[in-house]
Each structure stands twice: as structure tokens, then as C-alpha cells.
Amino acid sequence: MARIKKPLGIRGKIGNLVYKRYHYGTVVSAYPDMSSAGCSPRQKVQRNKFQKAVGRAKQILADPDLKSYYQNLPGNGSAFNKAVALFMKETDD
């Protein structure tokens, strides 16, 4: 990991390098390899739940009347986002 004393105006990923800004300067490090990292059981449950929510939202929004209903629900976001959020709250354990 390299440190740069004078702050650069960049942060984020460029190629295989990651630029991070801290109070003491900019740090350059290699992009982490997360290919061997597994998911926890709770992450798998949450991902499966989200996948179902997206599928259900797509089905719901195929109907113009239901799409209009979700668009008119209070709050910010698209009808799709509201449908997904509502499904996620309904299936909350």
C-alpha cells in the first residue's frame, strides 16, 4: 500500500488500483479480490427475498392499473421501487 502525502483530487477505482483519501493523505492499494468470499446464511436469505421482490414487482407493473396504483402511493421513488419496498416490508420476519 502506497501513501501520497500531498492530497490528490481523485478517489475510487482506476484499473486494479483503489485510491482512498484519509486525513493524513491519499492511499493507493490493490483492488480487493472478493471472489473466494462466501455469503453468510442471512445474506443468502436476504438476497433470495430481494430476488422474489423484484420478480413480483415486475409482474405487478405489467398491469397498467396496478402500476398506476403504485405510482400514486405516497413517498419518493418509482412505482417499481415502491412495489419492491412494500414486498420487502410484507415479508419481513
- Residue count, region 19-52 (criterion: among the hydrophobic types (A, V, I, L, M, F, W, C) and part of a helix (DSSP H, G or I)): 2
- Output the residue which, of all residues in region 25-40 that are open to solvent by less than 100 Å² (accessible area, probe 1.4 Å) and not hydroxyl-bearing (Ser, Thr, Tyr), is modelled with the highest pLDDT. Ala30
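Checking the conditions here, which among Gly55, Gly77 is out of contact with any helix residue (DSSP H, G or I) (no Cβ under 7 Å at 6 or more places or on another chain), open to solvent by less than 100 Å² (accessible area, probe 1.4 Å) and in a loop (DSSP other than H, G, I, E, B)?
Numbers: Gly55 fails: in a loop (DSSP other than H, G, I, E, B).
Among Gly55, Gly77, only Gly77 is out of contact with any helix residue (DSSP H, G or I) (no Cβ under 7 Å at 6 or more places or on another chain), open to solvent by less than 100 Å² (accessible area, probe 1.4 Å) and in a loop (DSSP other than H, G, I, E, B).
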- Message: What pairs come out if I take residues in region 1-25 that are at positive phi and of a type outside the set (Ser, Thr, Tyr) and pair them with residues that are at pLDDT below 80 and open to solvent by 100 Å² or more (accessible area, probe 1.4 Å) whose C-beta lies under 7 Å away, six or more apart or interchain?
- Response: Gly25/Arg3; Gly25/Lys5; Gly25/Pro7
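The values are calculated or read from the model by the stated rules, or taken from the named source; none is laboratory data. Remember, it's a predicted structure, so these values are computed and weren't measured experimentally. Ideal geometry is used to build each Cβ from the backbone, glycine not excepted, and the neighbour counts take in all protein chains shown. Areas reflect the complete protein model, heavy atoms only, side chains present, ligands, DNA and RNA absent. Shrake-Rupley method; radii C 1.70, N 1.55, O 1.52, S 1.80 Å.
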